[in-house]
1. Can you classify the range 110-183 as rounded, prolate or oblate using the Cα gyration tensor, where a ≥ b ≥ c are the square roots of its eigenvalues, rounded means a/c under 1.5, and otherwise it's prolate if a/b beats b/c and oblate if not?
2. Return a whole-number percent for the relative contact order of the range 82-185, with Cα pairs under 8 Å and 6 or more residues apart as the contact set.
3. Please report, in whole Å, how far the alpha carbons of the range 73-159 spread along each principal axis, starting with the longest.
4. How much of the DSSP bridge set in the chain is antiparallel, in percent, rounded to the nearest 5?
5. Can you list the equivalent-ellipsoid semi-axes of the chain, largest first and in whole Å, using the square root of 5 times each Cα gyration tensor eigenvalue?
6. Rounded to the nearest Å, what's the spacing between the alpha carbon centres of the range 133-180 and the range 37-111? Just the number, please.
7. Taking the Cα atoms of the range 32-106, what is the range of coordinates along each of the three principal axes, in descending order and whole Å?
8. Can you put 80, 181, 98 in order, fewest other beta carbons within 10 Å first?
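Computed from the coordinates by the stated procedures, all read-outs in this text should not be read as laboratory data. All values derive from a computational prediction rather than experimental measurement. Glycine also receives a Cβ, built like all others from the backbone with ideal geometry; neighbour counts cover every protein chain displayed.
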Ligand SMILES: Cc1cc2nc3c(=O)[nH]c(=O)nc-3n(C[C@H](O)[C@H](O)[C@H](O)COP(=O)(O)O)c2cc1C
């Protein structure tokens, strides 16, 4: 697939078949992720792969409870609260795999992890897979309990939890607003 086709064709995917993603495919996606640039070429990434449906359910439950607490004291849009109250809502949409990209906790960690995440999502799309970054899980994964659950080595912060799977339906294009663009010179 042409890069430009991947950039324009990738969609946040929230409907998956039950087909697992093979270990070698996950390794292929992670290999694409680590081709991303990183500040001073530190390559500070750490990848955690979760495929056990029971563990994904547990993380989802913990993340929902935590997120609702976080939302009480912050200004998240109100429509985001709704699904978190639904007992059947799994934040990972029952995807067969979750890849959490963490980085060394230092300056540019978020940038480094986000660049790897975009590579991973574009590569997945090029291989016919769907992905979605699950921000709903982030605030809990960042807690000590979350990091322990991910078995993260000390000094790492989870940044990009990305679900991966075989899409069960095509996702419609999501319209973009015109860019806020200001030419100053
Ligand atoms: C940082 C970040 C957090 C996100 N969190 C969630 C989430 O928790 N749940 C979800 O369904 N989609 C989530 N998304 C996906 C966005 O909703 C999606 O990218 C956006 O609607 C644009 O659609 P597109 O990716 O198909 O272009 C997240 C995306 C980003 C970049």
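1. Numbers: a/c = 2.20, a/b = 1.42, b/c = 1.55.
Oblate shape, in that a/c is at least 1.5 and b/c is the bigger or equal ratio.
2. 37 percent
3. Result for the range 73-159: principal-axis Cα extents of 35, 33, 25 Å.
4. On the way: 19 of 20 bridges.
If I count the DSSP bridges inside the chain, around 95 percent turn out antiparallel.
5. Working: eigenvalues 112, 87, 83 Å².
After scaling each eigenvalue by five and taking roots: 24, 21, 20 Å.
6. One Cα centre to the other: 4 Å.
7. Principal-axis extents of the range 32-106 (Cα, largest first): 42, 31, 17 Å.
8. Details: 80 12, 181 5, 98 25.
Exposure proxy ranking, most exposed first: 181, 80, 98.
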